[in-house]
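Chemist: Once you've had a glance at the structure underneath, I'll fire off some questions.
The values are calculated or read from the model by the stated rules, or taken from the named source; none is laboratory data. Everything numeric in this text was worked out from a predicted model, so none of it was measured. Ideal geometry is used to build each Cβ from the backbone, glycine not excepted, and the neighbour counts take in all protein chains shown.
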Amino acid sequence: MKIAQFSNYGKPDEVIDCIDVPDLDNPGENEVLIDVLACPINPADVLNIEGKYGVKAKLPARLGAECVGKVKKVGHLVKGFKEGDIVLPLDRENWVQQKIVDEKNLIMLPNDIDPIQLSMLKVNPATAYLMLKKYVKLQPGDWIIQDAANSGVGQCIIRLAKMEGIKTINIVRRKELASDLKDIGADLVIQDSPSMASEVKELTNGGDIKLAIDAVGGDIILRIGECLVEEATILNYGLLSGKNIEMTSYQTVFKRLVLTGFWLMPWLQKMNRKEIFDMYNYLASLIESKKLYVPIEETYSLEEIKKAVKHSAAYNRSGKIIITPNG
Ligand SMILES: NC(=O)c1ccc[n+]([C@@H]2O[C@H](COP(=O)([O-])OP(=O)(O)OC[C@H]3O[C@@H](n4cnc5c(N)ncnc54)[C@H](OP(=O)(O)O)[C@@H]3O)[C@@H](O)[C@H]2O)c1
């Protein structure tokens, strides 16, 4: 079978390779052998290859934060899964044709949903869901502001917020994205500018903004901070600009803005199995009813992994890059 692997940290399309390894055949008694149907390339995967992620892999390393798979064979003590079931593995190293997973690390998924949409269930929808639910108590009619709003996470935030009646101010780098984002429920779409605070004040009629969700970092936080009410929360979950967050002392001391971070991995570690199961079932039901949907720019085979990671790093993408390891 084929797998994607990197042996040195560095520029993703230079250090990643598709290699052949022996096929898998015999899952252990509590294990499940799955064929991987689809996996997205996430910015976290790219950070991982660059050696900039929160945990460092022992090299050479497989990678891939998420995938969706189809059960091929089960161990003799496995009760919850059978051949043909569609499953979400909760572990990593998913850019492979086949993998063996302990049954307690698998979530059963409906088998009639587009596997490409399901392959993006584990990370971005859960990130958007937890960031909206677990930090600031929001009521219908409240405003939030986010940057990188056309990203996979950003689009999930727009859609989930809309379902709850929460209004979104969405900062994008490209003005031409406004109508697409409004079509999926964005209330306002703006671009970063020195006059962001006065523009937002005018567009929201002076509405209070208690939550900012940021994937960019750097100096945009100075301008987002000006849009927020006193004691508002800034939730940083990405480092797309590659720069450290900047805030003024006025914002931290006198305005008492609270800056905190979100990382999905520890959240999943501290949630119990039922909470994880309920969250993913709920989010899968939203994918099934097409209330959650992320556009796809292109799909690649595992053999084309170098091309795929290069494409995923490109500016101006219209959607996610997906790998379909088994065609
Ligand atoms: N903390 C967590 O647990 C967690 C979980 C999931 C995702 N994330 C993070 O969330 C972010 C989005 O992930 P995703 O999978 O949703 O991304 P994605 O769908 O691959 O989209 C990438 C987005 O990043 C934007 N972008 C790239 N470089 C930028 C820069 N220098 N300044 C501003 N925007 C920039 C792109 O804008 P253009 O379209 O204009 O190029 C696009 O909107 C990433 O930082 C990722 O690491 C974190």
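Chemist: Leu257 is checked against (1) without any contact (Cβ under 8 Å) to a residue 60 or more places away in the chain; (2) exposed (fewer than 13 other Cβ atoms within 10 Å of the Cβ) and fails just one. What number does that condition carry?
Modeler: The failed condition is (2).
Chemist: Now, a different point. Here's a check for you: in region 91-113, which residue that is modelled with pLDDT of 95 or more and within 23 Å of Lys290 (Cβ to Cβ) is surrounded by the fewest Cβ atoms within 10 Å (Cβ to Cβ)?
Modeler: Met108
Chemist: Restricting to region 124-135, count the residues that are surrounded by fewer than 19 Cβ atoms within 10 Å (Cβ to Cβ) and touching a strand residue (DSSP E or B) at 6+ places or on another chain (Cβ under 8 Å).
Modeler: So the count comes out to 1.
Chemist: Among the residues of region 58-80, write down those that are among the hydrophobic types (A, V, I, L, M, F, W, C) and part of a strand (DSSP E or B).
Modeler: Passing the criteria: Ala61, Val68, Val71, Val74.
Chemist: Can you name every residue in region 316-327 that is touching a residue at least 40 places away in the same chain (Cβ under 8 Å) and within 14 Å of the ligand (Cβ to nearest atom)?
Modeler: Hits for region 316-327 are Asn316, Lys320, Ile321, Ile322, Ile323.
Chemist: Which residue out of Ile34, Ile41 is among the β-branched types (Val, Ile, Thr) and within 16 Å of the ligand (Cβ to nearest atom)?
Modeler: Result of the check over Ile34, Ile41: Ile41.
Chemist: Can you report the number of residues in region 285-309 which are part of a loop (DSSP other than H, G, I, E, B), touching a residue at least 12 places away in the same chain (Cβ under 8 Å) and more than 16 Å from the ligand (Cβ to nearest atom)?
Modeler: 2
A quick yes/no check of all residues on (1) assigned to a helix (DSSP H, G or I); (2) away from the ligand (no atom under 16 Å from the Cβ); (3) out of contact with any helix residue (DSSP H, G or I) (no Cβ under 6 Å at 6 or more places or on another chain):
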{"residue": "Glu199", "(1), (2), (3)": "yes, yes, yes"}
{"residue": "Ala212", "(1), (2), (3)": "no, no, no"}
{"residue": "Glu231", "(1), (2), (3)": "no, yes, yes"}
{"residue": "Thr260", "(1), (2), (3)": "no, no, yes"}
{"residue": "Gln269", "(1), (2), (3)": "yes, no, yes"}
{"residue": "Lys274", "(1), (2), (3)": "yes, yes, yes"}
{"residue": "Leu283", "(1), (2), (3)": "yes, no, no"}
{"residue": "His311", "(1), (2), (3)": "yes, no, yes"}
{"residue": "Ala314", "(1), (2), (3)": "no, no, yes"}
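Chemist: Right, another one. Name the residue that is farthest from the ligand (Cβ to nearest atom), counting only residues in region 241-258 that are among the hydroxyl-bearing types (Ser, Thr, Tyr) and farther than 13 Å from Leu228 by Cα.
Modeler: Top of the filtered list is Ser249.
Chemist: Sticking with this one: Select from region 168-187 the residues that are crowded, with 20+ Cβ neighbours inside 10 Å and either among the β-branched types (Val, Ile, Thr) or part of a strand (DSSP E or B) (or both) and list them in ascending order.
Modeler: Selection gives Thr168, Ile169, Asn170, Ile171, Val172.
Chemist: So for region 89-105 (the condition being within 24 Å of Glu298 (Cα to Cα) and either free of Cβ contacts under 8 Å to residues at least 24 places away in the same chain or in the same structural domain as Ala215 (by TED's automatic domain parsing) (or both)), does at least one residue qualify?
Modeler: Looking through region 89-105, none of the residues is within 24 Å of Glu298 (Cα to Cα) and either free of Cβ contacts under 8 Å to residues at least 24 places away in the same chain or in the same structural domain as Ala215 (by TED's automatic domain parsing) (or both).
Chemist: Select, from Lys274, Lys307, the only residue that is outside the structural domain of Leu160 (by TED's automatic domain parsing) and loosely packed, with under 13 Cβ neighbours inside 10 Å.
Modeler: Going through Lys274, Lys307 in turn, the sole match is Lys274.
Chemist: Would you confirm, using the coordinates I've provided, whether Val229 is surrounded by fewer than 17 Cβ atoms within 10 Å (Cβ to Cβ), in contact with a Ser or Thr (Cβ under 6 Å, 6 or more places away or on another chain) and under 23 Å from Tyr129 (Cα atoms)?
Modeler: Considered against the rule, which asks whether it is surrounded by fewer than 17 Cβ atoms within 10 Å (Cβ to Cβ), in contact with a Ser or Thr (Cβ under 6 Å, 6 or more places away or on another chain) and under 23 Å from Tyr129 (Cα atoms), Val229 comes out as no.
Chemist: Could you list all residues from region 61-90 that are within 16 Å of the chain's Cα centre (by Cα) and at pLDDT 95 or above?
Modeler: Matches in region 61-90: Gly64, Ala65, Glu66, Cys67, Val68, Leu88, Pro89, Leu90.
Chemist: Here is a further query. What number of residues within region 194-240 are hydroxyl-bearing (Ser, Thr, Tyr) and more than 24 Å from the chain's Cα centre (by Cα)?
Modeler: Looking only at that region, the number is 3.
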